[in-house]
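All remarks here apply to the structure that follows.
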Amino acid sequence: MTWVILQRDLPGFPDDNTLQLSYIFPDGIQMEKHPHPGQPYAGLRLCAYLPDNREGRRVLKLLDKAFHQQLLFTVATNEDGEDMVTTGFIPLKTQPEGGYKVDGYPDSEYLKAVRKLLKDKGVE
């Protein structure tokens, strides 16, 4: 997990820059904790977005903790029967715009909701 600051705002946060989080998982072989140990899985490249403000930075730290505790992503079988890395139970804003229906902004409840979900999993 890496992140950078983009010099642009997110809808709903006109006075703040944007934190762009990057996650890169190469293709690999499943281990015992995965659905099909010894079988291959497809990797994933994903960006997520947070406002660069106090609350966004707080969520960034929590997401970093959750990432290192292996709570953000999992290996799952898609509808084509292929195993791949995918997001877990914590929603990520993968679009800077478009609203909550496409995992984007504006979404006035996202930061509060993701903090609660992380707290429920012991990440504070």
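The values are calculated or read from the model by the stated rules, or taken from the named source; none is laboratory data. Please read all numbers here as calculations on a predicted model, not as lab measurements. Note: ideal-geometry Cβ built from the backbone for every residue, glycine included; neighbour counts use all protein chains shown. Note: areas computed on protein heavy atoms with side chains; ligands, DNA, RNA excluded. Shrake-Rupley method; radii C 1.70, N 1.55, O 1.52, S 1.80 Å.
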**Request:** Can you give me the number of residues within the range 10-64 that are of a type in the set (A, V, I, L, M) and open to solvent by 50 Å² or more (accessible area, probe 1.4 Å)?
**Result:** 3
**Prompt:** Pick from Val85, Val59: which is among the aliphatic types (A, V, I, L, M) and assigned to a helix (DSSP H, G or I)?
**Reply:** Val59
**Message:** Tally up the residues in the range 1-12 that are part of a strand (DSSP E or B) and closer than 17 Å to Gly104 by Cβ, please.
**Reply:** 2
**Fill in**
Here the residues within the range 1-23 that are small (Gly, Ala, Ser) and free of Cβ contacts under 8 Å to residues at least 60 places away in the same chain are Ser22
**Message:** If I filter the range 78-98 down to residues being in contact with a helix residue (DSSP H, G or I) (Cβ under 8 Å, 6 or more places away or on another chain) and open to solvent by 60 Å² or more (accessible area, probe 1.4 Å), which single residue comes out as modelled with the lowest pLDDT?
**Reply:** Phe89
**Asked** Among the candidates Gly122, Gly43, Gly99, which residue alone is of a type outside the set (A, V, I, L, M), touching an Asp or Glu at 6+ places or on another chain (Cβ under 8 Å) and farther than 23 Å from Thr2 by Cβ?
**Response** Gly99
**Request:** Go through Glu55, Glu124, Glu32 for me and flag whichever is touching a residue at least 60 places away in the same chain (Cβ under 8 Å) and among the acidic types (Asp, Glu).
**Result:** Glu124
**Prompt:** Of all residues in the range 13-37 being in a strand (DSSP E or B) and farther than 30 Å from Asp52 by Cβ, which is farthest from the chain's Cα centre (by Cα)?
**Reply:** Ile29
**Request:** Please find, within the range 99-124, the residue that is nearest to Val59 (Cα to Cα) out of those that are open to solvent by 60 Å² or more (accessible area, probe 1.4 Å) and part of a loop (DSSP other than H, G, I, E, B).
**Result:** Glu124
**Request:** Within the range 65-77, work out how many residues are open to solvent by 40 Å² or more (accessible area, probe 1.4 Å) and either hydrophobic (A, V, I, L, M, F, W, C) or in a helix (DSSP H, G or I) (or both).
**Result:** 4
